[in-house]
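The values are calculated or read from the model by the stated rules, or taken from the named source; none is laboratory data. If you're wondering where the values come from, they're calculated on a predicted model, not measured in any experiment. FYI the Cβ positions are ideal-geometry reconstructions off the backbone, even for glycines, and counts take in every protein chain you see. Just the protein is used for accessible areas: all its heavy atoms, side chains included, with ligands, DNA and RNA removed. Shrake-Rupley method; radii C 1.70, N 1.55, O 1.52, S 1.80 Å.
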There are 2 protein chains.
Amino acid sequence: MPDSAIRPRKEFGKTIAADITHRLREEIVTCGLAPGEPLRFDVLRERFGASFTTLREALTALAAEGLVDAQEQRGFRVAPVSRQDLVEVTDARVLIEVELMRRAIQKGDDDWEIAVISTLHRLKRIEQRDPEHPLRDPEWKIAHRQFHQALVSACGSATLLAIRAELFDRAERYRLLSANFRPRPRDKAGEHQAIMQAAISRNADLAVQLIETHIRTTADNVAKYAGHLLDPE
Amino acid sequence: MPDSAIRPRKEFGKTIAADITHRLREEIVTCGLAPGEPLRFDVLRERFGASFTTLREALTALAAEGLVDAQEQRGFRVAPVSRQDLVEVTDARVLIEVELMRRAIQKGDDDWEIAVISTLHRLKRIEQRDPEHPLRDPEWKIAHRQFHQALVSACGSATLLAIRAELFDRAERYRLLSANFRPRPRDKAGEHQAIMQAAISRNADLAVQLIETHIRTTADNVAKYAGHLLDPE
DNA sequence: CCCAGACATATTTTCGAAAATCATACCGTT
DNA sequence: AACGGTATGATTTTCGAAAATATGTCTGGG
């Protein structure tokens, strides 16, 4: 693998800009960069080792995704969080994810079923390994994302999947924001199992209801345990 | 107004990049730049009078909106059109616009009613002035966009409004694509009037049904009259 | 004649300096 | 002391050259 020697910086994507976009998104979603924090070019330049222009391109892309707030002539900052935004993201997610769940259940073929089952399996394995603090574990995070992605992947609309992915990231930032203050993560394993079974058995109404509850419960917990971070000052 | 002398280029927004983004979006939506057309920097540089970097930032933003297709290391091109994409955009629009219509009807206050009525009024005036070919008239286009925007503006979700706006632009490109081949624009005036009345009288079910028909009929006409442009080669 | 490899050209991507803009502190006036 | 304007420093934004990458052409071997 000569690549890692030739292009050590580009873990993701071919261009540096795409790579920086990816890394910045990660940092913002995991709250490594705090909500509302100003993103000054000097600092970013040092942290990511890229030039003004390249960083600017990455920030512009993230601004379009809603993770970064662009203030013309006054730079960029991490998109702030708020109760209102959390409610909007949650509502939008329910609206879209419910629709995609129905479509996926209707259209899903064998490969879809296999993807749903196997991604849930991997998620469970990771949870078994360390049942204490899964929410912050990067591996759990990836597996969790992939399971939810797999559930709706067969919906047939790349357009809606892209929108869903953006909203998922924005919601995940809230989850991770509240993770530090949550006394104990609730039993998501059971919920995921139930959703998978409803989906595979093509029980659309049940799956949809479970998904909606899943999303709203998570959001409620964020509001409950990170409420002090959601209001101005 | 000394501004026009000081900053002759920046009609929209404060930064050149934002201005170029706006102008490029306009050109793409109106099909001044054809779907699939490669966007080479030399050409853009001459046409918009901005540097590589600034153009790159604009293209990145438009790529996130789905109007431009970014091929890493191989430049950008205007997002191609296809039957599949038209169907996806139409379905997504129906899903979201219907939901927003309901919310706006539920939440809309006096200002909302006034905005709906006045934007429709302006639209009608423009149609009366030139009842022949309104679809390509830039003024009609703006008024039409503002009427539909006003209808859902009271929904209470900036997040969903932003998504809606993106989808509206993508759909408008298809409308303008087919405008040249359409024998005669159908009577949209009546439809708009009916939608307005249903909305103002808070008849959500009717308004929603009219909106859905409005969107789908438009998309069907695009497929009908511009079908030859939607299939590969 | 067709294909693989190497060279040359075209195009994109990245960089850091330079210009433009904004924020802050300072100063003189009322 | 309060205010308005101005100079100064900090930060963003823009630019075109330079590096990196892709594309096209040509040549030689099969």
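Restricting attention to the protein assembly as shown, the count of lysine pairs at 8 or more positions apart or across chains with alpha carbons under 25 Å apart stands at 14.
Taking amide H as placed 1.01 Å from N in the peptide plane, A:V68 has its amide H under 5 Å from the amide H of A:A63, A:A79, each at least 5 places away in sequence or on another chain. Average accessible surface for region A:3-78: 52 Å² per residue, computed with a 1.4 Å probe over protein heavy atoms with every protein chain in place. What separates the B:L206 label point from its copies, with the point 7 Å along Cα to Cβ, is 4.1 nm, written shortest first. For A:R216, the solvent-accessible surface computed with a 1.4 Å probe is close to 80 Å², ligands and nucleic acids excluded.
Give me the distance between the Cα centres of region A:20-54 and region A:80-95, rounded to whole Å. Measuring centre to centre over Cα atoms gives 23 Å. Adding -39500 (n - 2.57) for every DSSP H run of four residues or longer, then dividing by how many residues the protein assembly as shown holds, sets the calculated 222 nm ellipticity at -22500 deg cm²/dmol. Magnitude of the charge dipole for the protein assembly as shown, about its Cα centre and with charges confined to Cβ atoms of Lys, Arg (+1) and Asp, Glu (-1), is about 460 debye.
Each residue of region B:218-223 is assigned a 3J(HN,Hα), and the resulting list reads 4, 5, 4, 5, 4, 4 Hz, derived from the Karplus form 6.51 cos²θ - 1.76 cosθ + 1.60 (θ = phi - 60°), x at Gly and Pro. Three principal axis extents of region B:107-233 based on alpha-carbon atoms, in descending order, are 49, 34, 24 Å. Normalised radius of gyration (Cα atoms, divided by 2.2 N^0.38 Å) for region B:3-78: 1.06. Distances from B:T53 to itself in the other copies, using label points 7 Å out along the Cα-Cβ axis, amount to 0.6 nm in increasing order.
Checking every one of the GluC sites (Glu not before Pro) in region A:84-151 against DSSP loop status and a limit of 11 other Cβ atoms within 10 Å picks out A:E132. Of the residues in region A:148-181, those shielded by at least 30 Å² of accessible area once partner protein chains are present, compared with the chain alone at a 1.4 Å probe, are A:T159, A:L160, A:I163.
Accessible area per residue for region A:83-230 is 44 Å², calculated with a 1.4 Å probe on protein heavy atoms, without ligands, DNA or RNA. Here the Karplus curve 6.51 cos²θ - 1.76 cosθ + 1.60, taken at θ = phi - 60°, turns the phi angles of region B:170-178 into couplings of 4, 6, 4, 4, 5, 4, 6, 4, 8 Hz, with x standing for Gly and Pro. Pick from A:L161, A:L95, A:L151 the residue whose mean-square fluctuation is largest in a GNM of chain A, springs joining Cα atoms under 10 Å. The residue with the greatest mean-square fluctuation here is A:L95.
Position B:R129: other-copy label points at 6.6 nm, ordered by increasing distance, label point 7 Å along Cα→C-beta. Here the chain B residue lying nearest the rotation axis onto A, judged by its C-beta and given with the distance in whole angstrom, is B:A64, 2.
Rg of the Cα atoms in the protein assembly as shown, relative to 2.2 N^0.38 Å, amounts to 1.03. Heavy atoms of chains A and B lose about 2500 Å² of accessible surface on contact, summed over both sides with a 1.4 Å probe. Ligands, DNA and RNA left out, the accessible area of chain B computed with a 1.4 Å probe is 52% carbon and sulfur.
Label reach from A:Q84 (point 7 Å along Cα→C-beta): in region B:158-185, amide nitrogens under 17 Å belong to B:158-163. Taking chain B as a Gaussian network of alpha-carbon nodes connected by springs under 10 Å, the highest mean-square fluctuation of the residues B:Q197, B:Q128, B:Q146 belongs to B:Q128. Considering only B:K141, B:K124, B:K14, the Gaussian network model of chain B with Cα springs below 10 Å gives its largest mean-square fluctuation to B:K14. The HN-Hα couplings worked out from phi for region A:67-81 by the Karplus form 6.51 cos²θ - 1.76 cosθ + 1.60 (θ = phi - 60°) are 8, 10, 10, 9, 10, 3, 6, 10, x, 10, 8, 4, 4, x, 9 Hz, whole numbers, x standing for Gly and Pro. Any residues in region B:56-75 that have 30 Å² or more less accessible area with all protein chains than in their chain alone, probe 1.4 Å, and which are they? Buried by the other chains: B:R56, B:E57, B:T60, B:A64, B:E72, B:Q73.
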